[in-house]
Amino acid sequence: MKQPNFLIIGAQKAGTTSLREFLGSLPSKIFMLKSEQHFWNREGQYNDGYGLSKYQDLFAGSLESQLRGEKSPNYLASFEAPTRISRHIPEMKLIAILRNPAHRAYSAYWHGRRVGALDQDFSFSQSIQTHKENHGKPYGDLLTPGLYSQHLKRYLEFFPVDQLLILDFQKLLSSPENELTKALAFLGFENEEIGKLEGLQFPRRNTARVSMFPKLSSKVHKSRLLSYEQKSKIVKKFLRHDEIPAMSEKDKTFLAEFYAHEAERVEELTGIRFNWSD
């Protein structure tokens, strides 16, 4: 049975879809699933390990010479995923992209709004103030996913550090060639192979959009008759590109205090310094 060699584990709203798009543009070398499976973080799919053969079937069309990968950004914050992955594929390579956690939370809020998961009258201020009470609900807790040090620590309890690559979201935007070169080298590409890939670019996907019909999006999201893929396709038809409003100074202050030491903790854990001061 074929199985993945690597996973893009998150963070949500940190460019994971763009990275999947980039790696999927190299089909001679990489077989990349085009949709999120959430296999390792959802018991319904994992089914105490019995769902593994069905998951492996998704990679059956790959060639032996190809690397096989999947991305599901909720793997990073999952308590169960590290244990499950290490139990079945201990040699798995893991890629995480970290973004300023305050910016990530704000982006996730607007994503929840546009897909209909959050009511239009539920403000960002309300959502971050009530994150503990709404923990476990879809888009109910926007803050815990940004506590990267806690999530990375769980993975490092099961995987050696050389099986984990951490990329910087901001650098992927400002200097994509350097970060994408890191990703390819991590996956085993030779320097000569990477050198032949001209002008490495980071595709921009899932950029700021709003729903033209928010109430209809909400009804679609709550439907029990539609699959996740069907809901996604329908809701995307309602979207238009638009600038989202700036975060309020009050919310900036709240988040700055909440994540005050997160960059420092990530650096202590990984040796990588992130500038999340703005």
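The values are calculated or read from the model by the stated rules, or taken from the named source; none is laboratory data. Keep in mind that this is a model prediction, so the values were computed, not measured. Quick reminder, even Gly has a Cβ in these numbers, built from the backbone with ideal geometry, and neighbours come from all protein chains shown.
Mind checking which residues of the range 106-139 are of a type in the set (A, V, I, L, M) and touching a Phe, Trp or Tyr at 6+ places or on another chain (Cβ under 8 Å)? Don't jump to the end; show me each part of the working.
Residues of the range 106-139 of a type in the set (A, V, I, L, M): 108, 115, 117-118, 128.
108, 117, 118, 128 - these are the residues of the range 106-139 that are of a type in the set (A, V, I, L, M) and touching a Phe, Trp or Tyr at 6+ places or on another chain (Cβ under 8 Å).
In the range 117-155, what count of residues is obtained for those that are among the acidic types (Asp, Glu) and in contact with a Lys or Arg (Cβ under 7 Å, 6 or more places away or on another chain)?
First pass over the range 117-155, keeping only residues among the acidic types (Asp, Glu): 119, 121, 133, 141.
The next check asks that each one be in contact with a Lys or Arg (Cβ under 7 Å, 6 or more places away or on another chain); those that pass are none.
The number of residues fulfilling the criteria is 0.
When the range 131-172 is examined, which residues are found to be in contact with a Ser or Thr (Cβ under 7 Å, 6 or more places away or on another chain) and among the β-branched types (Val, Ile, Thr)?
If the condition is that a residue be in contact with a Ser or Thr (Cβ under 7 Å, 6 or more places away or on another chain) and among the β-branched types (Val, Ile, Thr), then 166 is the only one that fits.
Pick from the range 31-71 the residues that are in a helix (DSSP H, G or I) and charged (D, E, K, R): which of them is surrounded by the fewest Cβ atoms within 10 Å (Cβ to Cβ)? Walk me through how you get there before you give the answer.
First, the residues of the range 31-71 that are in a helix (DSSP H, G or I): 43-49, 52-57.
Subset that is charged (D, E, K, R): 43, 48, 54, 57.
Working: 43: 10, 48: 8, 54: 11, 57: 11.
So the residue we want is 48.
Which condition does residue 116 not pass, out of (1) on the phi > 0 side of the Ramachandran plot; (2) without any contact (Cβ under 8 Å) to a residue 40 or more places away in the chain, if it passes all the others?
(2)
List the helices (runs of 4 or more DSSP H) that sit entirely inside the range 227-278 and contain at least 3 residues that are surrounded by 13 or more Cβ atoms within 10 Å (Cβ to Cβ), more than 21 Å from the chain's Cα centre (by Cα) and at pLDDT 95 or above.
Values: elements: 228-236, 249-258, 262-270.
Correct list: 249-258.
Here's the yes/no breakdown for (1) at pLDDT 95 or above; (2) over 20 Å from residue 172 (Cβ atoms); (3) out of contact with any Asp or Glu (no Cβ under 6 Å at 6 or more places or on another chain):
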position	(1), (2), (3)
1	no, yes, yes
6	yes, no, yes
9	yes, no, yes
19	yes, no, yes
23	yes, no, yes
33	yes, yes, no
39	yes, yes, yes
46	yes, yes, yes
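Answer yes if at least one residue in the range 196-219 is at pLDDT 90 or above and of a type outside the set (Asp, Glu), and no otherwise.
Filtering the range 196-219 down to residues at pLDDT 90 or above leaves none.
No, every residue in the range 196-219 fails to be at pLDDT 90 or above and of a type outside the set (Asp, Glu).
What's the total number of residues in the range 2-28 that are surrounded by 17 or more Cβ atoms within 10 Å (Cβ to Cβ) and among the basic types (Lys, Arg)?
Number satisfying all stated conditions: 2.
If we keep just the residues of the range 29-54 that are in contact (Cβ under 8 Å) with a residue 24 or more places away in the chain and hydroxyl-bearing (Ser, Thr, Tyr), which is nearest to residue 95 (Cα to Cα)? Let's see the steps before the verdict.
Initially, the range 29-54 is screened for residues in contact (Cβ under 8 Å) with a residue 24 or more places away in the chain, giving 29-33, 35-41, 43, 46, 49, 52-53.
Then keep just the ones that are hydroxyl-bearing (Ser, Thr, Tyr); that gives 35, 46, 53.
Numbers: 35: 17, 46: 21, 53: 23 Å.
If we take residues in the range 29-54 being in contact (Cβ under 8 Å) with a residue 24 or more places away in the chain and hydroxyl-bearing (Ser, Thr, Tyr), then 35 is nearest to residue 95 (Cα to Cα).
Would you point out which residue out of 89, 97 is surrounded by 22 or more Cβ atoms within 10 Å (Cβ to Cβ) and either free of Cβ contacts under 8 Å to residues at least 12 places away in the same chain or β-branched (Val, Ile, Thr) (or both)?
Values: 89 fails: surrounded by 22 or more Cβ atoms within 10 Å (Cβ to Cβ).
Of 89, 97, the one residue that is surrounded by 22 or more Cβ atoms within 10 Å (Cβ to Cβ) and either free of Cβ contacts under 8 Å to residues at least 12 places away in the same chain or β-branched (Val, Ile, Thr) (or both) is 97.
I'm checking my understanding of the structure. Among residues of the range 72-86 that are surrounded by 24 or more Cβ atoms within 10 Å (Cβ to Cβ) and of a type in the set (A, V, I, L, M, F, W, C), which one is nearest to residue 147 (Cα to Cα)?
76
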